[in-house]
Amino acid sequence: MNTREIALVSIFSAVWVVSQVLVGPIAHTSTLHGLVQRFMGWFLMLVLAELTDRFGRVSLMATIGAFATRMLRYSADLYVWTVGLGYALGGVAFDTLFFLPRSGRLRGPRRTGYLAIASLLSGIVALVPYTLYKFASMGPSVFLFWLPVYLSREAVNVGLNVLGTLMATIIVPRAKIALPILNESKEKPRTHARESS
């Protein structure tokens, strides 16, 4: 990683952490439970992937953001850490899907559609640790009773993943036109998941 990439990962991690710590509790009181974590997190993932154009930076940002937030909340509750693990895994999944070799060839609506699918899939991956935790703590029968309520809520949260990514697809091209320095990464060939050094 070069200095620019380290700076971007640091800034984006800090933005996600601050948004979760300061704004997250307000969002938790609304019906949009994952507003800040989901929308902001996946928005930042796409912007960072576009600006660095290298695999691993989004994974690092998501991991730092997820676990730094949990440490700042001073909670030893396993629930909190399973949610953090989910966000970290979601970031790794998005990073991997973004940098699949053929994805870089997509343009226009096909690329937007692919990014929406990548957000959907990575958002689902982010649910896995918490879902397993609830299954283990509740037991099969109670879990199955609780599952429809959980799935309806998380469908909204995964939708926020997609919405955050789609918002980034609108903003990033305009930002690169307004601020040409953001195009620096495009001077180098794209680095895929298997070339992430």
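Readers should treat all values here as calculations from the given coordinates under stated rules, not as data from a laboratory. Model, not experiment: these values are computed from the prediction. With ideal geometry, Cβ positions are generated from the backbone for all residues, glycine too; neighbour counts draw on all protein chains shown.
The table for this structure:
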{"item": "Gained length - Ser137 relative to Arg4, 0.36 nm times residue gap less alpha-carbon distance", "result": "43.5 nm"}
{"item": "Sum of side-chain charges, Val15 neighbourhood, beta-carbon under 15 Å (Lys, Arg +1; Asp, Glu -1)", "result": "+2"}
{"item": "Residues whose placed amide H lies under 5 Å from that of Leu100, excluding near-sequence neighbours", "result": "none"}
{"item": "Packing rank of 62-68, 132-138, 11-17, where each peptide gets the mean count of other beta carbons within 10 Å, highest leading", "result": "62-68, 11-17, 132-138"}
